[in-house]
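None of the figures in this text is laboratory data; all of them are computed from the coordinates on show. Computed from a predicted structure; not experimentally measured. Cβ: placed from backbone, ideal geometry, glycine included. Neighbour counts: every protein chain shown.
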Amino acid sequence: MTMKHLFNISIFHLPDELKAAREFVKDPANRTDGLEILTGYDPIPKPLAECMIGVHLPYATDWYGPFTGKRQVPESKQQEFARWNSYGKDRKEIVENIRIMMKCAGDLNPAYGVFHAASGNYDEITGVEFTDDSDSVVRAMCEMLNEACSVFPGGKPPLRLVFENTWCPGLMMQDNRGLDILENKLEFDNWGICLDTGHLLVSMGSVHSEAEALEMLNACVDRYSSDMKDRITNMHLHVNTTADYMRSFRKPDTTGMSAEERILFAHHHIGTMDAHQPFTDPGVKDLVDRLAPDYLIHEMGSITSEGQMRQHRIQRSLFP
């Protein structure tokens, strides 16, 4: 199939921003095929869904802790806090909420649904180092999804899942590590991988320039097996040249901080470390061509929809 270029948006944007996103992808001048929509636990509004090609399922900061019993969600936390930050308070609740999110998205028959294949300890998300074992996180995710999908026909998710790498423990995508676990532990086969270039750079300490970024990313692709390349059907394309920030960063003293306070601090830290800037170096086209994904999502980081559209145009201009 011909690679499709997508614009990403969240259902939690303001109504006028969602309208602007629909108009943006409908304008032929922007050469954009449709939307990847970050969803929640409720049905997607139909006017927005008309422009939808794929979805990004909700993600949680630390689901691995409560799912495995390694860590608990504090008893004082409200149910909604647990749902949005851990998928739930315990294994049963986590599995049920994942079923709900997949069904809500699957009802509109998207081409795929992105799922973050990672989890970060609440106590560690205000830093850059994590102690959970990545292989254990991937294995737990497979177990979690197998259980969640067991109620659907054939034990398959109601939409094709594509697993996204982040910088937290899980599927890191620095090499083939993790692929064997997915292939051996998942009990369904309608899945792929969404390679996030900016997340990959952060997981390796980031870089100072786009030229360095392309060198590092191409070196990773050199290490991928043919099976790994075949599984990469989606790319979240953006760049982070934040090496100076990452190397000078010192984790703050979070003693006495509530989970909410740590998350709020982490949002600022993550937004600086993982800025989701557009590539401007034409060499990025060669990188994308090496993997030939079906869907290229220009995942930009501006806090305004206008800025996001401007960044999208900059990066989209590098492709025919």
* To do: Rank 83, 99, 310 by mean-square fluctuation in a GNM of the chain with C-alpha springs under 10 angstrom and give only the top-ranked residue.
  => 310
* Considering the chain as a Gaussian network with a 10 Å cut-off on Cα pairs, which listed residue, 195, 38, 18, attains the greatest mean-square fluctuation? -> 18
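Considering only Cα-Cα distances, which of the following residue pairs are longer than 20 Å: 89/156; 156/229; 4/185; 26/46; 103/156; 89/251? Could you put the intermediate results ahead of the total?
Working: 89/156 24 Å; 156/229 23 Å; 4/185 30 Å; 26/46 16 Å; 103/156 12 Å; 89/251 27 Å.
Those over the limit are 89/156; 156/229; 4/185; 89/251.
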* Using the Karplus curve 6.51 cos²θ - 1.76 cosθ + 1.60 with θ = phi - 60°, work out ³J(HN,Hα) for each residue of segment 276-281 in order, rounded to whole Hz, and write x for Gly and Pro. => 6, 8, x, 5, 10, 7
* Asked: So which DSSP H runs in the chain come out at 18 Å plus along the axis (Cα) with average Kyte-Doolittle of at least -1.0?
  -> 91-106, 134-149, 210-223, 259-273
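Checking the a/c ratio against 1.5 first, then a/b against b/c, what shape does the Cα gyration tensor give for segment 42-112? Please list the in-between numbers first.
Working: a/c = 2.98, a/b = 2.45, b/c = 1.21.
In terms of gyration-tensor shape, prolate.
Hey, got a sec? Which GluC sites (Glu not before Pro) in segment 1-99 land in a DSSP loop and have at most 15 other Cβ atoms within 10 Å? Display every interim value, and only then the final one.
Numbers: sites: 17, 23, 36, 50, 75, 80, 93, 96; in loops: 50, 75.
Sparse-neighbourhood loop GluC sites (Glu not before Pro): 50, 75.
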* To do: Choose one answer from 159, 57, 14: the residue with the largest mean-square fluctuation in a GNM of the chain with alpha-carbon springs under 10 Å.
  => 14
* **Potential extension, residue 183-residue 218 segment - 0.36 nm per residue separation minus Cα distance** => 10.2 nm
* To do: Taking 7 Å along the Cα-to-C-beta vector as the label spot, tell me the residue 247-residue 289 distance in nanometres, rounded to one decimal.
  => 3.2 nm
* Radius, Kirkwood style, for segment 208-320 when every pair of distinct Cα atoms is counted (Å) -> 16.0 Å
* To do: Pop out the ³J(HN,Hα) list for segment 237-246 in order, Karplus 6.51 cos²θ - 1.76 cosθ + 1.60 with θ = phi - 60°, rounded to Hz; leave Gly and Pro as x.
  => 9, 6, 10, 10, 10, 10, 4, 4, 4, 5
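Starting from 0.36 nm per residue, how many nanometres of slack lie between residue 131 and residue 150 once their C-alpha separation is accounted for?
Full-extension gain reported as 3.8 nm.
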* To do: Go ahead and estimate [θ] at 222 nm for the chain from helices alone: -39,500 (n - 2.57) per DSSP H run with n ≥ 4, summed, over the residue count, rounded to 500.
  => -12500 deg cm²/dmol
* Structure fact -> Any residue on another chain or 5+ positions along whose placed amide H is under 5 Å from the amide H of residue 10 is listed here as 38
* Square roots of five times the Cα gyration tensor eigenvalues for segment 1-102, Å -> 33, 14, 10
* Structure fact -> Cα pairs beyond 23 Å in segment 4-316, in percent, come to 56 percent
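Suppose R0 equals 25 Å; then what is the FRET efficiency for residue 260 and residue 71 from their Cβ-Cβ distance, rounded to the nearest 0.05?
Efficiency, rounded to the nearest 0.05: 0.95.
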* Long-range HN-HN contacts of residue 164 with modeled amide H, under 5 Å -> 115, 116, 117, 194
* Structure fact -> Interchain or sequence-distant (5+) residues whose placed amide H lies within less than 5 Å of the amide H of residue 170 are 134
* Taking the simple approach of a point 7 Å from Cα along Cα-to-Cβ for both residue 317 and residue 268, what is their distance in nm? -> 3.3 nm
